[in-house]
1. Conditions: (1) surrounded by fewer than 16 Cβ atoms within 10 Å (Cβ to Cβ); (2) in a helix (DSSP H, G or I). B:Gly158 meets all but one. Number of the miss?
2. Would you be able to say whether some residue in segment B:138-155 is without any contact (Cβ under 8 Å) to a residue 60 or more places away in the chain, part of a strand (DSSP E or B) and either open to solvent by 60 Å² or more (accessible area, probe 1.4 Å) or touching a Leu at 6+ places or on another chain (Cβ under 9 Å) (or both)?
3. Would you mention how many residues in segment B:163-221 are modelled with pLDDT of 90 or more, open to solvent by 10 Å² or more (accessible area, probe 1.4 Å) and acidic (Asp, Glu)?
4. Got a number for residues in segment A:300-315 being over 17 Å from A:Cys44 (Cβ atoms) and surrounded by 22 or more Cβ atoms within 10 Å (Cβ to Cβ)?
5. Please give the number of the condition A:Ser273 fails out of (1) within 26 Å of A:Val198 (Cα to Cα); (2) outside the structural domain of A:Pro57 (by TED's automatic domain parsing); (3) at pLDDT 95 or above; (4) within 18 Å of the chain's Cα centre (by Cα).
6. Would you mind stating whether B:Asn105 is on the phi > 0 side of the Ramachandran plot and either more than 10 Å from chain A (Cβ to nearest Cβ) or not charged (D, E, K, R) (or both)?
7. Tell me which residues, restricted to segment B:173-196, are part of a loop (DSSP other than H, G, I, E, B), in contact (Cβ under 8 Å) with a residue 60 or more places away in the chain and closer than 19 Å to A:Gln95 by Cβ.
8. Would you point out the residue of segment A:120-137, among those that are touching a residue at least 24 places away in the same chain (Cβ under 8 Å) and in a loop (DSSP other than H, G, I, E, B), that is most open to solvent (accessible area, probe 1.4 Å)?
2 protein chains.
Amino acid sequence: MEEIIKVVIALGGNAIQESGKPPTAEEQLKAVGKTCEKLAGISCQGYEIAVVHGNGPQVGRILLASEYAKDITPPMPFDVCGAMSQGYIGYHIQQQLKKELRKRNRDLPVTTIVTQVVVDQNDPAFQNPTKPIGPFYTKEEADAITRDKGYVMKEDSGRGWRRVVPSPMPKKIVEVDTIGRLWKSTIVIMCGGGGIPVIEDDDLGYEGIAAVIDKDLAAERLAEEMDANILLILTEVERVAINFNKPNQENLSEISCEQAKAYMEEGHFAPGSMLPKIQAAVMFAESKPGRKAIITSLYKAEEALRGESGTLIYN
Amino acid sequence: MEEIIKVVIALGGNAIQESGKPPTAEEQLKAVGKTCEKLAGISCQGYEIAVVHGNGPQVGRILLASEYAKDITPPMPFDVCGAMSQGYIGYHIQQQLKKELRKRNRDLPVTTIVTQVVVDQNDPAFQNPTKPIGPFYTKEEADAITRDKGYVMKEDSGRGWRRVVPSPMPKKIVEVDTIGRLWKSTIVIMCGGGGIPVIEDDDLGYEGIAAVIDKDLAAERLAEEMDANILLILTEVERVAINFNKPNQENLSEISCEQAKAYMEEGHFAPGSMLPKIQAAVMFAESKPGRKAIITSLYKAEEALRGESGTLIYN
């Protein structure tokens, strides 16, 4: 019997909501439908897959509505907004993916697991919150919010003041036992938006905090904990490039972890965009012999898994 | 080896948010914490449990915020609001239950499964929508909404006009395969708010609709599909009563399905309150020999499982 190849797929934002389209639930469902055609295609090749998705725009809009309506109904803490976005996006993916699988006579269960991801309270990210969330405020409003709630507020590119939260590293996936039991027979959707960030408290429990975990790094953590073979990071471009958008741009079909690290040091990859993807890819490829990462676009994913497209990151 | 007893627990609204307390996420987390002490106690007795919860007030507030903020961010369809409430409430339960279990040295996985529940498009409930959802409107606004969106609007006890949606019977749980794989080793939280209501479309898929599925009836469906032994419905009172709130009130420690049906016909149980609980209990007890249902309060649940409290419904 052939060995099953286990793939953790990290979906980029464009897989969930196309830019230029109205950011409605109906448009999201359509975009997710197209994405699920591709995911079903990968599943039909015999790969066992788990899906991780981002939630930036979605959780932003949930928070926005919650803050806007705060005088008529209590506003939601940011960890709860994240949990809500997992329900929202996971529901759409599981509905559409199930349909695409059934069309292909592959009647595999598809399930969204609400996921908490543990971060370290001593992560240096807590000293320097960088991720803006929620509405824009005036300087005066921002000062009042800092006074009342202790939030860190920063000026955002001349557009006003916003709350910023830290982006710590994912340390542990709380619900990992569950996926261990499901992985072999079920397509799981997990760690949505990088997971609901929690810290361990002194009382054996977990406590939600306001933070944003990078979804590619969360997917890396999941892939390691699940002993996956491949971490497949999907984004807008077919291949990673150095000298991106310059006359001497060079698209890479494969790079060793050593090379990738050298390119990162040389500043080839944009922070908050390609950089965390390369970091996640290197981390996974280095974590155990035989593991590899692929960065490509949704539309090239199947080819990339056959070695015919994308950028392979290997150790 | 003793046989494991499988229990599906349907939590009442008071298990998630105490009345009289501000309806904030922080207060919900506290109420859920207390509830989870009781659930952990039941789990420690060796029962295998699955948890179903309501979502009425929560999904109402999500919808309210979404409608209120509609000019700054697109409003969410009602099925999506339901999915969001499953993420929100499920997250709180899984976090608090895990903690209570760990305190008791019972390190069992706890997982929320985003759940779609299929209803029949031809269910007579669609001819007579009864469940009010979302904000209140004036007669003029209500007429405009009916014109623009086709929603059914009804006058609500002199407080204004509201949208009403049907409350059809649950027919099938889409994600039931998943719980089959998890049930033996994991506490699952499923069918939150009665499940996200979907209908089967012509294209092998499911499509979300605006409806409210009774959570006790959804728990009954789950208990049948999972071949549970006991359906445990938790509510505000220790025992079901006939002649409720009258001088001749009689609390029942056990009733046969025959008796229960006779009492239903005599109008002893309030629609939308005790009636669907009795219906669910009878349906489950009649579904297969040996199955039984118990209706009691959260605080009497452990005793009731030992036969020392609550109302037992048997066939």
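1. (2)
2. Yes, there is a match, as at least one residue in segment B:138-155 is without any contact (Cβ under 8 Å) to a residue 60 or more places away in the chain, part of a strand (DSSP E or B) and either open to solvent by 60 Å² or more (accessible area, probe 1.4 Å) or touching a Leu at 6+ places or on another chain (Cβ under 9 Å) (or both).
3. Residues in segment B:163-221 being modelled with pLDDT of 90 or more, open to solvent by 10 Å² or more (accessible area, probe 1.4 Å) and acidic (Asp, Glu): 3 in total.
4. 4
5. Looking at each condition in turn, A:Ser273 falls short on (3).
6. Considered against the rule, which asks whether it is on the phi > 0 side of the Ramachandran plot and either more than 10 Å from chain A (Cβ to nearest Cβ) or not charged (D, E, K, R) (or both), B:Asn105 comes out as yes.
7. B:Glu175, B:Met190, B:Cys191, B:Gly195
8. Only one residue fits best here, namely A:Gln121.
The values are calculated or read from the model by the stated rules, or taken from the named source; none is laboratory data. This one's a predicted model, so the numbers in the text were calculated from it and none came from an experiment. Reconstructed Cβ throughout: ideal geometry from the backbone, glycine too, with neighbour counts over all protein chains shown. Note: accessible area is taken over every heavy atom of the protein model, side chains too, but ligands, DNA and RNA are not part of it. Shrake-Rupley method; radii C 1.70, N 1.55, O 1.52, S 1.80 Å.
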